[in-house]
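Asks: The structure follows.
Values in this text are rule-based calculations from the coordinates and carry no lab data. Computed from a predicted structure; not experimentally measured. Positions of Cβ are generated from backbone atoms using ideal geometry, with glycine treated the same way; all protein chains shown enter the neighbour counts.
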Amino acid sequence: MNKEFLLKYLNTDSPSTLEIEGQKVWLKKLESYADKVITDNYGNVALLIKGTKHKKSNNFKVVIDAHADEIGWIVKSITDEGFIKVQRNGGTDNDITQGTQVKILTEKGKVKGFFGSPAIHLKEKDAKKVDQEGLSIDVGALTKKDVENLGIEVGCFIVVDRIAEIINDKFVVGKSLDDKIGGFIHSEVLKKLKEDKIKLPYDLYIVNSVQEEVGLRGARMMNELINPDVAIAFDVTFDTNTPGINKDKHGDYKIGEGIVLRQGFDVHNTFLKLMKDCAKENDINFKIQVGGSGGTNTFSYYQSGAVTTTLSIPLRYMHTQNEMVMLDDVQSAIDFYVKALQKIENNHNFKYF
C-alpha cells in the first residue's frame, strides 16, 4: 500500500468545484497505467483500461467511481472590521466550525486563518446554536483593506487546514477521506491489476469525479460521457459505534469490520448478489446497509439505466477535520475490488427476465 501517495493525495486541497490540484496529483501517479486518459471541462478524470474483448465500437463498459472533492466554504463578504463571512461549499457542520483552522485559496497563494468564537465567559446561557450568519474567519486583519491586500476576495474557496496522518500504524486521520480514500483505493486496484497481469474482458473506466458534495454533479457528467453498462460507486459510510450515535436508528457499522454493501432502490439486486457471493467466496467480511440512494454517485449512474451498486468502508467523524478509516478496511476494499471485477463478464446479463 503506497502510504506516501495516500497522504500526498489527502493533503492536496480539492474543494468542490475547484478540485484540479488533487486531480493533477491523482492523474500524474496513475496515467502511465492507462490505455487512454479522459478529461472534461469541469475536471473529471477517467482512466480507460481496454479489455481483451475491446472493439472499435459497442464495447461493454464498466465504471468504478470515487469522488475527488472535499467540503469547505466560499468567501461571501468581508466586513469593514476585517472579518470574513462565508457560504458553505458542501455539507460542513456549523456546530463544530468555530475554532477550526482554515486556508483561503487565493490567486496570490494560501492564506491561513481560523473561525473565531466568543469567549465562553461572554456567551449567553440560552444562546442558540451557531447559524451560518454567525460564523466569521479571522486572518489577522483590522480592516477590509487589510484582508484584500492578502489577495482575499469574494468567491475565494476555503478548506480546513489539517494535515492527514497515519496513527498507530492502523488508522488514517485527516480531512477529505470522504472520498479521497476511494480514489486511493482505486489507484491500488489499478496497480494490482497491472502488476498481477489480470486481464478483464470488458473496458474498465476508473473515474475520479468532481462536485459530489454539491449534488453528485461530476458523476452525472461522466455518466453521459462514458454511458457505462455497469457502475460501482465507492464512497465511505458511517461508523456508528462512536459515542452519541443511535445504532438502532442508523445501523451497526464499525471500522475494522470490513467492507459495506448497500441495498437501496438504485442498487441492482442481481449485481448486489454477485458482490455478496464474491465476498463470501473470498472470505472478505461485509455488512449490508439498507436505505435510499445513500447520497452517493451510484444514483448518478443509475439514472441512465446502468446496472449499479455501492461499495463502502466505515468512516468515523464524517464531514469533520478528523475523518478516520482503518487501513485493514482499505486493504479489504482493494482485495474485494480485484476479485469482484473478475466476476463481471463481457456483456454480462444482469436482467431479471
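Asks: Rank 319, 67, 250 by mean-square fluctuation in a GNM of the chain with C-alpha springs under 10 angstrom and give only the top-ranked residue.
Replies: Of 319, 67, 250, the Gaussian network model singles out 250 as fluctuating most.
Asks: Please work out how many pairs of lysine residues in segment 72-160 are eight or more positions apart (or on different chains) and have Cα atoms closer than 19 angstrom.
Replies: Within segment 72-160, the lysine pair count is 23.
Asks: I want to verify the translational diffusion coefficient of segment 262-331 in µm²/s; compute it with Stokes-Einstein, Rh as the Kirkwood radius over Cα pairs, at 20 °C and 1.002 mPa s. Could you put the intermediate results ahead of the total?
Replies: Numbers: Rh = 13.5 Å.
Estimated diffusion coefficient is 159 µm²/s.
Asks: Identify all lysines with a Cα-Cα distance to residue 191 below 19 Å; exclude those on the same chain that are fewer than 8 residues away in sequence.
Replies: 3, 8, 24, 28, 29, 36, 50, 180, 199, 339, 343
Asks: Among rounded, prolate and oblate, which fits the chain when a ≥ b ≥ c are the square roots of the eigenvalues of its C-alpha gyration tensor, a/c under 1.5 means rounded, and a/b larger than b/c means prolate? Working shown, then result.
Replies: Numbers: a/c = 2.14, a/b = 1.66, b/c = 1.29.
It comes out prolate by the Cα gyration axes.
Asks: Still on this structure, I have one more. Among the lysines, which have Cα under 22 Å from the Cα of residue 247 when same-chain residues fewer than 8 positions away are ignored?
Replies: In chain and number order, the partners are 287.
Asks: Provide the per-residue ³J(HN,Hα) series for segment 242-257, in order, calculated from phi with Karplus coefficients 6.51, -1.76, 1.60 and θ = phi - 60°, each as a whole number of Hz, with x at glycine and proline positions.
Replies: Once rounded to whole Hz, the list reads 7, x, x, 10, 8, 5, 5, 8, 10, x, 10, 10, 9, 4, x, 10.
Asks: Rounded to the nearest 20 debye, what is the charge dipole size of the chain about its Cα centre when +1 sits on each Lys and Arg Cβ and -1 on each Asp and Glu Cβ? Show your work: numbers first, answer last.
Replies: Working: 47 positive and 50 negative charges, 191 e Å.
Value, rounded to 20: 920 debye.
Asks: While we're on this one: How far apart, in nm, are the 7 Å Cα→Cβ label points at residue 81 and residue 57?
Replies: Placing both labels 7 Å along Cα→Cβ, they lie 6.7 nm apart.
Asks: Continuing with the same structure: Counting helices only, and only those DSSP H runs with n ≥ 4, report the 222 nm mean residue ellipticity of the chain as the sum of -39,500 (n - 2.57) divided by its residues, in deg cm²/dmol to the nearest 500. Please list the in-between numbers first.
Replies: Details: 10 runs with 97 residues, N = 353.
For the chain, the value works out to -8000 deg cm²/dmol.
Asks: Which listed residue (184, 60, 42) has the Cα farthest towards the positive end of the charge dipole for the chain, taking +1 on Lys and Arg C-beta and -1 on Asp and Glu C-beta about the Cα centre?
Replies: Result: 60.
Asks: How much of the calculated P(r) for segment 72-160 lies past 21 Å, in percent of all Cα pairs?
Replies: Numbers: 1033 of 3916 pairs.
The share of Cα pairs beyond 21 Å in segment 72-160 comes to 26 percent.
Asks: Continuing with the same structure: Ordered by residue, what ³J(HN,Hα) values in Hz, to whole numbers, does segment 132-148 give under the Karplus form 6.51 cos²θ - 1.76 cosθ + 1.60, where θ = phi - 60° and Gly and Pro are x?
Replies: Result, ordered by residue: 4, 5, x, 8, 8, 9, 10, 10, x, 9, 10, 9, 4, 5, 4, 5, 4 Hz.
Asks: Next up: Report the residues of segment 144-178 in range of a label on residue 107: point 7 Å along Cα→C-beta, backbone N strictly under 18 Å from it.
Replies: Counting backbone N atoms under 18 Å from the label point, the list is 145-158.
Asks: Non-local amide H neighbours of residue 289 (under 5 Å, H modeled in plane, Pro and chain starts lacking H): which ones?
Replies: Hits under the 5 Å cutoff: 261, 262, 263.
Asks: Could you work out which residue, out of 198, 71, 226, moves most in a Gaussian network model of the chain, that is, has the largest mean-square fluctuation with Cα springs under 10 Å?
Replies: Its mean-square fluctuation being the largest, the pick is 198.
Asks: Can you tell me the FRET efficiency between residue 242 and residue 276 if r is taken as the Cβ-Cβ distance and R0 is 30 Å, rounded to the nearest 0.05?
Replies: Working: r = 27 Å, r/R0 = 0.89.
It comes out at approximately 0.65.
Asks: Here is a follow-up. Kirkwood Rh and Cα-based Rg: tell me the resulting Rg over Rh for segment 136-237, rounded to two decimals. Spell out each step's value before the answer.
Replies: Values: Rg = 19.8 Å, Rh = 17.7 Å.
Here Rg/Rh amounts to 1.12.
Asks: Provide the FRET efficiency to the nearest 0.05 for the residue 284-residue 133 pair, computing r from the beta carbons and using R0 = 56 Å. Kindly include the intermediate steps, with their values, before the conclusion.
Replies: Details: r = 47 Å, r/R0 = 0.85.
Efficiency at R0 = 56 Å is approximately 0.75.
Asks: Karplus couplings for segment 89-94 from phi (6.51 cos²θ - 1.76 cosθ + 1.60, θ = phi - 60°), rounded to Hz, Gly and Pro as x?
Replies: 10, x, x, 5, 9, 4
Asks: Using modelled backbone amide H atoms (1.01 Å from N, in-plane), which distant-in-sequence or interchain residues come within less than 5 Å of residue 231's amide H?
Replies: When sequence neighbours closer than 5 places are left aside, the close amide H contacts are 63, 307, 308, 309.
Asks: For the chain, find the longest principal axis of its Cα atoms and tell me its angle to the long axis of helix 269-281, 0 to 90°, nearest 10.
Replies: 80 degrees
Asks: Still on this structure: Have a look at the DSSP beta bridges in the chain and tell me what percent are antiparallel, nearest 5. Intermediate values should be presented prior to the final figure.
Replies: Values: 41 of 65 bridges.
Here the antiparallel bridges make up roughly 65 percent for the chain.
Asks: If you don't mind, there's one more thing I want to ask. If I take every Cα pair under 8 Å that is 6 or more residues apart in the chain, average their sequence separation and divide by the length, what percent do I get for the relative contact order? Walk me through the intermediate numbers first.
Replies: Working: 767 pairs, mean separation 78.2, N = 353.
Reported relative contact order: 22 percent.
Asks: Then there's this: If you build a Gaussian network model of the chain, linking Cα atoms that sit under 10 Å apart, which residue out of 55, 108, 123 swings the most?
Replies: 123
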